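Engineer: So that we are looking at the same thing, I have put the structure below in structure tokens.
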Amino acid sequence: MSTPRYAAAALLALAACATPSSQTGKGPALGEPAGDELIARFDISIPPSGDGLPAGSGTARQGALVYAAKCVACHGEKGAGKPADALAGGIGTLNTARPVRTVGSYWPYPTTLFDYVRRAMPLQSPLSLTDDEVYAVSAYILFLNGIIAEDAPMTAKSLPLVRMPNRDGFIDDWRK
């Protein structure tokens, strides 16, 4: 197919999609309006303060087991990376010619780690970890970075109190 013909066909296809589906002028009936309950199920963001963290707990020892089963294939042994990004190391390198950006060196809040792991990991099955598993994996990653002790329990109360090495490396823009 020549380029002009292809472009014309693409434009016709787009125009057909934009045309109302009936004579009433209504658009296609896609989905349903989201109710408050549905919105609440998806509103799982955790701010730096830790507001909204769920009940549960986990230690790095527990997290090492979850990590071995569900994370190591992408993030490597002890968070070293490959094929996905490294999770550990790099502390003190951000102001060098070769900064290493990891959870430990770059991320300013431990609650961001919990939020991201819960929402997006493991890649092939996001939102599949229990809250205890997320606390445990978070603890393990913090432990790998030398930020917490191996047996320090991470909970809704203790996690926001963890001080990340790059805590002051960002401008706080969280709306209060």
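Engineer: Filter the range 96-137 down to residues that are β-branched (V, I, T) and part of a loop (DSSP other than H, G, I, E, B) and give me whichever is farthest from G56 (Cα to Cα).
Structural biologist: Checked the range 96-137; the qualifying residue farthest from G56 (Cα to Cα) is T96.
Engineer: Which one of these does T93 not meet: (1) within 27 Å of F170 (Cβ to Cβ); (2) out of contact with any helix residue (DSSP H, G or I) (no Cβ under 7 Å at 6 or more places or on another chain); (3) crowded, with 16+ Cβ neighbours inside 10 Å?
Structural biologist: Condition (3) is where T93 drops out.
Engineer: Further question: Mind checking which residues of the range 138-154 are of a type in the set (V, I, T) and either within 18 Å of the chain's Cα centre (by Cα) or not in a loop (DSSP other than H, G, I, E, B) (or both)?
Structural biologist: If the condition is that a residue be of a type in the set (V, I, T) and either within 18 Å of the chain's Cα centre (by Cα) or not in a loop (DSSP other than H, G, I, E, B) (or both), then I141 is the only one that fits.
Engineer: Next up: Just checking, does the range 147-156 include any residue being without any contact (Cβ under 8 Å) to a residue 60 or more places away in the chain and loosely packed, with under 13 Cβ neighbours inside 10 Å?
Structural biologist: No.
The numbers here are math on the coordinates, done by the rules we state, and not lab data. Small disclaimer: the values here were computed from a predicted structure and weren't measured. Here Cβ is always computed from backbone atoms with ideal geometry, including for glycine, and neighbour counts include all displayed protein chains.
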